[in-house]
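S.K.: My questions will all concern the structure given below.
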Amino acid sequence: MTGEPISQRLRSLVRSLPPTGITLSELIHQVGNDGLLILTALLTLVFLIPISIPGVSTVFGAAILLIGMSRLIGRELWIPEKLKHKIIGTKKLRPVLRKALPWLQKIERVSRPNRIAWLVASGPVERMNNASLILGAILLMMPFGLIPFSNTFPAVALLFFAIGLLQRDGVCVLLGYVGNAATIVYFGVLIAGGGMAMREVFGRLSG
């Protein structure tokens, strides 16, 4: 199975999801520790399709955050009991994942191993990549879920990181950094716009 394309492995994983729900612990067990980047890619796919599944960004973002931390410190993945046994409904999840898989296939087709090799090297660069994976997860968990693209931007960045690290493709990793930067800029605009709107409202009320 390790020689299969990432999209094919994820398609098999989606097909094996139970009809009603699955816990995060069961999902991790299906991919194993060696497939944590595969799991990261799977968890980001949900946010590529504009369909809201309540609570998913917090759970999936936390899972990716913990995956990034385990990679950064070189320890086995640890998941808190409460999060580990949280049931994720698969009735809505499965069709969303199936719709998103073609996007993964498109990225996979243009991905090539060993491009900008220094960006996927071990050592300080590897730690920087894992820290950026953590940053992407934090951005995914930010409370902007109802605002368009607030989950999509960090999810795309995380997907590029996951594919880049799996394929040893520095170009995809670089696009992950670009995605994180675009997300920070977008959130900055949202916060600044919200602040201006609040000042306007308070100004009118006080006037």
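S.K.: Please list, or write none, the lysines whose alpha carbon is within less than 27 Å of the alpha carbon of K84, excluding same-chain residues fewer than 8 places away.
M.R.: Once the sequence-local lysines are set aside, what remains near K84 is K92, K99.
S.K.: Note the angle between two axes, namely the Cα long axis of helix 6-15 and the longest principal axis of the Cα atoms of the chain, as a number of degrees from 0 to 90, rounded to the nearest 10.
M.R.: 80
S.K.: Here is a further query. Add +1 for every Lys or Arg and -1 for every Asp or Glu among the other residues with Cβ under 14 Å from the Cβ of T58, and state the total. The partial results should precede the final answer.
M.R.: Values: positive: K82, K86; negative: none.
Residues close to T58 contribute a combined charge of +2.
S.K.: Now a separate question. Helix-only estimate, please: 222 nm mean residue ellipticity of the chain, summing -39500 (n - 2.57) across DSSP H runs of length 4 or more and dividing by its residues, to the nearest 500.
M.R.: On the way: 9 runs with 141 residues, N = 207.
Computed ellipticity for the chain at 222 nm equals -22500 deg cm²/dmol.
S.K.: Before anything else, pin down the relative contact order of the chain: Cα pairs under 8 Å, at least 6 apart, normalised by residue count, whole percent. Please list the in-between numbers first.
M.R.: Numbers: 246 pairs, mean separation 52.3, N = 207.
Once divided by the residue count of the chain, the mean separation gives 25 percent.
S.K.: Once you have a ≥ b ≥ c as the square roots of the Cα gyration tensor eigenvalues for the stretch 71-189, tell me rounded if a/c is under 1.5, and otherwise prolate or oblate according to whether a/b is larger than b/c. Don't jump to the answer; show the numbers that get you there.
M.R.: Details: a/c = 1.39, a/b = 1.28, b/c = 1.09.
Note, shape of the stretch 71-189 comes out rounded.
S.K.: Using label points projected 7 Å from each Cα along Cα→Cβ, tell me how many nm separate E76 and K91, to one decimal.
M.R.: 3.6
S.K.: Still on this model: Along the charge dipole of the stretch 6-206, Cβ charges K/R +1 and D/E -1, which of G203, S57, I88 sits furthest on the positive end?
M.R.: Highest projection toward the positive end goes to I88.
S.K.: How big is the dipole moment of the chain about its Cα centre under a simple scheme where the beta carbon of each Lys and Arg is +1, that of each Asp and Glu is -1, and everything else is neutral? Debye, nearest 20, please. Working shown, then result.
M.R.: Details: 21 positive and 9 negative charges, 93 e Å.
It works out to roughly 440 debye.
S.K.: While we're looking at this one, here's another question. For P18, what charge total do you get from the other residues with a beta carbon under 13 Å from its beta carbon, if Lys and Arg give +1 and Asp and Glu give -1? Numbers along the way, then the final one.
M.R.: Values: positive: R15, K91, R94; negative: E26.
The answer is +2.
S.K.: Moving on. No solvent, one uniform scatterer per C-alpha: report log10 I(q)/I(0) for the stretch 1-144 via the Debye equation at q = 0.16 1/Å, two decimals.
M.R.: So the normalised log intensities work out to -0.93.
S.K.: So what is the relative contact order for the stretch 144-206, in percent, with contacts set as C-alpha pairs under 8 Å and at least six apart? Before the final figure, lay out the partial values.
M.R.: Details: 41 pairs, mean separation 17.5, N = 63.
Reported relative contact order: 28 percent.
We did not get these values from a lab; they are worked out from the coordinates using the rules stated. On a predicted model such as this, the values are computed, not experimentally measured, just so you know. As a convention, Cβ positions derive from the backbone with ideal geometry for all residues, glycine included, and neighbour counts pool all protein chains shown.
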